[in-house]
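The values are calculated or read from the model by the stated rules, or taken from the named source; none is laboratory data. What you see is a predicted model, and the numbers here were worked out from it, not measured in a lab. Cβ sites come from the backbone with ideal geometry, for glycine too, and all protein chains shown count toward neighbours.
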Amino acid sequence: MDPTTTTTPTDLTGSIGSIGSIGSIKPAALVELTDPRTGAARGALEAARAPRVAEAVAAARAATAPWRALTPRERERRLDALADLVEQHLDRYAALEQAGTGKPEAEALGEVREVADLFRFYAGAARTGSAPAAGRYLPGHESWVRWEPIGVVGAIVPWNYPLLMAAWRCAPALAAGNTVVVKPAETTPDSVALLAEHAAQTLGEGVLGALLGDRETGRLLVASGVDMVAFTGSAAAGADIAARAGHRRVSLELGGNSPVLVLPDAPAHTWTALAAACTYNAGQSCAAPARVITLAENYEQAVAGLTAALAERRAGRDFGPLNNPDQAARYDRLVAASAAKRSVAAPGRSDGLWRPARLLADLPDDDPTVLEEVFGPVLTVQRAAGLDDALALANGVPQALAASVWTSDLSTGLDLTARLDAGETWLNCHLAQSAELPHSGRGASGHGTDLSALALQEYQRPKTVTARL
């Protein structure tokens with residue numbers, strides 16, 4: 001880990017003073033850090049450039065052979081030790097998450113606990129492996145398949161869940177026998193830097209390293225000697241990374257624009273559940289409910305129910321701010337461009353990077369807030385003539401990550417979940433996820449698998465071995 005980087009808001013603030021005292025000597029790329037809750041400066045870091053990137057990748061490469069040579073049992077023991085450290089420093093991790101994201105304390109604490117659980121889950125999954133396809137497929141020969149790690153994985157993770165998304169990528173990659181260089185978003189480096197520090201203590205030097213910096217740092221990491229790139233972020237950035245990666249394996253989770261089919265017989269908890277899911281993390285979740293689609297006879301009830309439920313979810317009390325000025329500007333642009341005849345903002349903070357929960361109704365099906373992922377605490381409501389029309393609207397955008405159906409009719413609900421084009425679907429719930437269940441996108445939402453034992457194969461490749469008897 002680069003000793004010039006820092007792991008706490010206090011240390012980051014201190015680095016500004018030391019840099020400023022140098023005089024005319026300025027770092028090549030200084031990233032200023034701010035607290036999204038207040039807009040106040042909280043420190044700075046020097047973005048890694050080619051020499052530091054090369055150093056980080058070389059350290060990971062040097063650690064590859066010894067890490068890969070460990071038995072699954074030994075990797076399990078070390079990953080469990082890392083989970084122990086995360087839990088022992090729960091409050092510190094949560095404070096770092098809050099400093100970079102503005103999340104309420106309860107959200108930050110819950111997500112750090114999920115990180116520890118993920119490392120424990122994959123610690124055990126490392127010992128299950130993938131069942132070998134052994135057998136005599138040729139006369140006089142015995143064949144089997146070995147699942148081998150890919151090598152050094154470059155993981156680039158976003159600012160909405162800095163530590164959790166790092167764990168989604170790093171835990172299965174490490175369990176599969178790879179080493180990882182993880183690059184967090186430039187606005188949220190803190191918790192990932194601490195994770196790398198703890199990984200050095202428990203996994204070994206170079207097994208999991210953090211590379212702090214900006215977008216150019218990420219591009220340099222992709223251009224380096226890593227064997228695979230795992231990226232979570234925007235569709236445009238994902239396409240750029242895929243082009244730069246060339247023939248190397250790329251795993252992409254590129255966001256969503258989740259449809260929500262609400263039938264007239266939806267259960268009573270539908271509106272409050274959707275309002276809570278829409279505003280969790282200020283709506284900055286790739287799988288958050290975004291587009292409510294309901295039948296004509298239920299439309300006004302849906303608008304009224306959601307308006308009332310969103311009014312109970314207040315920015316500054318129940319959820320945090322948007323992460324950065326660019327995201328706030330994008331949110332404002334999309335809402336301003338909407339042709340919705342009804343735009344209802346709930347009570348709550350709207351200064352700085354704070355944005356209240358909002359409902360947009362009576363809008364065209366090609367409205368920009370329908371076609372694009374707003375990535376904020378917003379729900380649009382669309383009217384459908386029937387179930388087939390509702391499905392057409394749901395499947396009518398390029399993104400296909402997640403979706404939900406709300407109905408008391410189990411048969412109809414299961415049929416609709418099967419017909420929705422999404423990698424993950426829910427019935428009468430939304431954002432209910434577990435380490436045991438896969439999460440994956442389709443279309444413009446990318447490809448590859450996060451979570452579950454299936455994610456191990458994301459970071460492995462098969463080798464067929466055939467022996468003549």
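Check every one of the strands (runs of 3 or more DSSP E) wholly within the stretch 134-193 and list those with 2 or more residues that are under 30 Å from N323 (Cα atoms). Outline the logic, then answer.
Numbers: elements: 141-149, 152-156, 179-183.
Strands (runs of 3 or more DSSP E) meeting the threshold: 152-156, 179-183.
Note on the stretch 231-271: residues that are small (G, A, S) and in contact (Cβ under 8 Å) with a residue 60 or more places away in the chain total 8. Just to be sure before I move on: is Y280 surrounded by fewer than 24 Cβ atoms within 10 Å (Cβ to Cβ), at pLDDT 95 or above, under 25 Å from F231 (Cβ atoms) and in contact with a strand residue (DSSP E or B) (Cβ under 8 Å, 6 or more places away or on another chain) in the structure I sent? The answer is yes for Y280.
Inspect the stretch 133-151 for any residue being within 15 Å of the chain's Cα centre (by Cα) and modelled with pLDDT of 95 or more and give the result as yes or no. Working first, answer last.
Keep residues of the stretch 133-151 that are within 15 Å of the chain's Cα centre (by Cα), which gives none.
No; the residues of the stretch 133-151 include none that is within 15 Å of the chain's Cα centre (by Cα) and modelled with pLDDT of 95 or more.
Among Y122, Y93, which is within 30 Å of V465 (Cβ to Cβ) and either part of a loop (DSSP other than H, G, I, E, B) or in contact (Cβ under 8 Å) with a residue 24 or more places away in the chain (or both)? Spell out how you get there, then give the answer.
Values: Y93 fails: within 30 Å of V465 (Cβ to Cβ).
Answer to the check: Y122.
Among residues of the stretch 448-458 being out of contact with any strand residue (DSSP E or B) (no Cβ under 6 Å at 6 or more places or on another chain) and in contact (Cβ under 8 Å) with a residue 60 or more places away in the chain, the one that is nearest to T270 (Cα to Cα) is A453. Could you check how many residues of the stretch 89-148 are among the β-branched types (V, I, T) and within 26 Å of G39 (Cβ to Cβ)? Within the stretch 89-148, residues that are among the β-branched types (V, I, T) and within 26 Å of G39 (Cβ to Cβ) number 2.
Going by what's in this entry, would A288 be described as free of Cβ contacts under 8 Å to residues at least 24 places away in the same chain and either closer than 24 Å to L391 by Cα or surrounded by 22 or more Cβ atoms within 10 Å (Cβ to Cβ) (or both)?
On the way: free of Cβ contacts under 8 Å to residues at least 24 places away in the same chain: no; either closer than 24 Å to L391 by Cα or surrounded by 22 or more Cβ atoms within 10 Å (Cβ to Cβ) (or both): yes.
No: the conditions fail for A288.
In the stretch 191-205, the residues that are surrounded by fewer than 19 Cβ atoms within 10 Å (Cβ to Cβ) form Cβ pairs under 9 Å with partners that are of a type in the set (S, T, N, Q), at six or more places apart or across chains, as follows: E197/T7.
Filtering the stretch 374-432 to residues that are farther than 25 Å from T272 by Cβ, touching a Gly at 6+ places or on another chain (Cβ under 6 Å) and surrounded by 15 or more Cβ atoms within 10 Å (Cβ to Cβ) leaves Q399, A400, G423. For the stretch 431-453, residues that are farther than 19 Å from A242 by Cβ and either modelled with pLDDT under 95 or of a type in the set (G, A, S) (or both) total 5. Quick check on the stretch 104-120: of everything there that is among the hydrophobic types (A, V, I, L, M, F, W, C) and farther than 28 Å from R73 by Cα, which residue is surrounded by the fewest Cβ atoms within 10 Å (Cβ to Cβ)? The extreme case among them is A106.
For the structure I just gave you, tell me whether R78 is over 24 Å from R120 (Cβ atoms), charged (D, E, K, R), modelled with pLDDT of 95 or more and surrounded by 14 or more Cβ atoms within 10 Å (Cβ to Cβ). Walk me through it before giving the result.
Values: over 24 Å from R120 (Cβ atoms): no; charged (D, E, K, R): yes; modelled with pLDDT of 95 or more: yes; surrounded by 14 or more Cβ atoms within 10 Å (Cβ to Cβ): yes.
No.
When residues in the stretch 449-469 are screened for being surrounded by fewer than 21 Cβ atoms within 10 Å (Cβ to Cβ) and in a loop (DSSP other than H, G, I, E, B), 4 of them pass. Here T272 meets each of (1) at pLDDT below 95; (2) surrounded by fewer than 18 Cβ atoms within 10 Å (Cβ to Cβ) with one exception, condition (1).
With the condition kept exactly as written, say whether any residue in the stretch 377-388 is at pLDDT 95 or above and either in a helix (DSSP H, G or I) or over 26 Å from H269 (Cα atoms) (or both). Yes, the stretch 377-388 contains at least one residue that is at pLDDT 95 or above and either in a helix (DSSP H, G or I) or over 26 Å from H269 (Cα atoms) (or both). Within the stretch 253-293, the set of residues being farther than 18 Å from S343 by Cβ and of a type in the set (S, T, Y) comprises S258, T270, T272, Y280, S285. Regarding the stretch 53-71, can at least one residue be identified that is touching a residue at least 60 places away in the same chain (Cβ under 8 Å) and touching a Phe, Trp or Tyr at 6+ places or on another chain (Cβ under 8 Å)? Within the stretch 53-71, none of the residues are touching a residue at least 60 places away in the same chain (Cβ under 8 Å) and touching a Phe, Trp or Tyr at 6+ places or on another chain (Cβ under 8 Å).
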